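Please read the structure below before turning to the comments.
All of the numbers you see were taken from the coordinates with simple rules; none came from a lab. The shown structure was predicted, so the numbers you read here are calculated from the model rather than taken from an experiment. Positions of Cβ are backbone-derived with ideal geometry, glycine not excepted, and every protein chain shown enters the neighbour counts.
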Amino acid sequence: MYSKPQEHIATENGHGAVILRDGEVRIPPLVHQVDAAARRLGVSRSTFYAMVRDGSIDTFKIGGRVVVAESELRRVVAEAMQVAA
């Protein structure tokens with residue numbers, strides 16, 4: 001018998017956490033390392049570093065790792081959408 005894969009329908013709880021249909025709670029990261037941040041934006045690592053160099057993206061260090069805040073990535077996307085409009 002074929003069983004349909006469970007859909008991952010999620011709702012946000014108002015505090016940033018996402019609750020999936022099966023009750024699992026996922027808390028999205030507040031910061032991303034460079035590779036993950038570049039993937040979130042859909043750009044290469046070298047393009048991401050070029051954006052850092054030209055001041056388009058602010059980064060900082062935590063424990064010696066270069067990271068970027070999720071809010072910073074969202075700001076960059078929002079600004080790009082405004083320019084495109």
Item checked: Whole-Hz ³J(HN,Hα) from phi, Karplus 6.51 cos²θ - 1.76 cosθ + 1.60, for the stretch 63-72, glycine and proline x -> x, x, 9, 7, 9, 10, 6, 4, 5, 5
Margin query: If I model a spin label at ASP22 and GLU79 as a point 7 Å from the Cα along the Cα→Cβ vector, what separation in nanometres do I get?
Written below: 3.9 nm
Check: Packing-wise, with mean Cβ within 10 Å as the measure, how do 47-56, 33-42 rank, highest first?
Finding: 33-42, 47-56
Checklist line | Environment charge of VAL67, counting only residues whose C-beta is closer than 13 Å and scoring Lys/Arg +1, Asp/Glu -1 | finding: -1
